[in-house]
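S.K.: Before anything else, here's the structure in question.
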Amino acid sequence: MRHRGDSFVKRFDANSYLYITKAMDYFDLSDFLPAGKGLETRFLVIAFKSDWLYPAYQSQAIVRRLKNRGCDATYCEINSTYGHDAFLVEVGEETRLIKGFLTKTYHGLK
Amino acid sequence: MDLNKIRLDHQIIYDIVEPGSRILDLGCGSGELMLLLEKGKNAQVQGIELDEGAIYQCVEKGLSVFHGDIDSGLSEYPDKSFDCVILNQSMQQVRRADFVITEALRVGKSTIVGFPNFAYWPARLMFLKGRAPITASLPYRWYDTPNLHFLSVSDFWDYCRRKNIRVLRSQFVAGRCRIKFWPNLFASSAIFLISRLEAD
């Protein structure tokens, strides 16, 4: 653990964490959404029940905001007990969702 | 597409929906009705469903769905943002049925409500025999039913009168037959097309 910590500090400046955190906190998707209707982009938002870092209610808020603007958005909350790392583990469920979503998007473009 | 192979309640809803309309299906299940309306009526459909397995099936069909509860309302949708909101066989399963219908009427210009009729004659017979009714449209036992509200066709008419809701159409079915006569006794399910009375 100490060895990992030492090697990490050598290749990563702690200040950059402050900048990344700040950038994440200031990021607001709604800044990029054009006002009014007519956005053609389709959205798929996936949340994990046990993820406390990116809790499902925040993902729901994103989807509600999108829907309020008339955007086409799909939302699924995967029931998993793996916490934030669930996205690395629940591959089967994610694959089903992303595959179906991309197939539809692709056929919609044709 | 062979309309005769489709569930009769879906057929009736299909006939009500105008081509090209914007539809919200509350409690959309695995999305059969949504797919039917999208393919056959060129409707812009989206759904809300609580069951995770059903959400996967919807997404695999290419449908846009929201995984969540309808009991908490439809605050993300502005007033009249849909031509029609569908509550087919799901209204009796929500906790706050009155609130959900009110929300459906707010976000939709009209609402289709489909529900099992608790006063269907076989149900009455079972009740007279002293048993909780189990019928084709109410197939569950008391300990495994998802239904929270048990109402009859007459109860729904009464509800619409009390709440100043306009009934635009009403259709009744029993199995694969349409029922015209005495639906409160002979229909196993009812489908109502309703709107706010002050609709413009």
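The values are calculated or read from the model by the stated rules, or taken from the named source; none is laboratory data. All values reported here derive from a predicted model rather than from experimental measurement. We place every Cβ from the backbone using ideal geometry, glycine too, and count neighbours over all the protein chains shown.
S.K.: In the range B:76-95, how many are surrounded by fewer than 19 Cβ atoms within 10 Å (Cβ to Cβ) and at pLDDT 95 or above?
M.R.: So the count comes out to 1.
S.K.: Test residue B:136 against the criterion of being part of a loop (DSSP other than H, G, I, E, B), small (Gly, Ala, Ser), at negative phi and in contact (Cβ under 8 Å) with a residue 24 or more places away in the chain, and give yes or no.
M.R.: Yes, satisfied.
S.K.: Starting from residues that are among the small types (Gly, Ala, Ser) and farther than 20 Å from residue B:118 by Cα, keep the ones in the range B:153-200 and report whichever is surrounded by the fewest Cβ atoms within 10 Å (Cβ to Cβ).
M.R.: Top of the filtered list is B:199.
S.K.: Kindly evaluate residue B:119 against the criterion of being away from chain A (no Cβ under 12 Å), at negative phi and surrounded by 20 or more Cβ atoms within 10 Å (Cβ to Cβ). Can you show your working first?
M.R.: On the way: away from chain A (no Cβ under 12 Å): yes; at negative phi: yes; surrounded by 20 or more Cβ atoms within 10 Å (Cβ to Cβ): no.
In short, no.
S.K.: Still on this model: I'd like the residue in the range B:65-100 that is of a type in the set (Ser, Thr, Tyr) and farther than 22 Å from residue B:38 by Cα and, out of all such residues, is farthest from the other protein chains (Cβ to nearest Cβ).
M.R.: B:72
S.K.: Quick one: residue B:127 ticks every box in (1) over 29 Å from residue B:21 (Cα atoms); (2) in a helix (DSSP H, G or I); (3) touching a Phe, Trp or Tyr at 6+ places or on another chain (Cβ under 7 Å); (4) not charged (D, E, K, R) except a single one, so which number is it?
M.R.: All conditions are met except number (3).
S.K.: Here are B:73, B:31, B:27: which of them is surrounded by fewer than 17 Cβ atoms within 10 Å (Cβ to Cβ) and on the phi > 0 side of the Ramachandran plot?
M.R.: Checking each option against the conditions leaves just B:73.
S.K.: How about the range A:71-107: which of its residues are touching a residue at least 40 places away in the same chain (Cβ under 8 Å) and facing chain B (nearest Cβ under 8 Å)?
M.R.: A:97, A:101, A:104
S.K.: Further question on the same structure: Can you pull out the residues in the range B:67-101 that are in contact (Cβ under 8 Å) with a residue 12 or more places away in the chain, of a type in the set (S, T, N, Q) and out of contact with any Ser or Thr (no Cβ under 8 Å at 6 or more places or on another chain)?
M.R.: Passing the criteria: B:81, B:88, B:90, B:92, B:93.
S.K.: Something else now. I'm trying to understand the selection: among the residues of the range B:12-41, which are under 19 Å from residue B:56 (Cβ atoms) and of a type in the set (Ser, Thr, Tyr)?
M.R.: Listed by number, the list holds a single entry, B:30.
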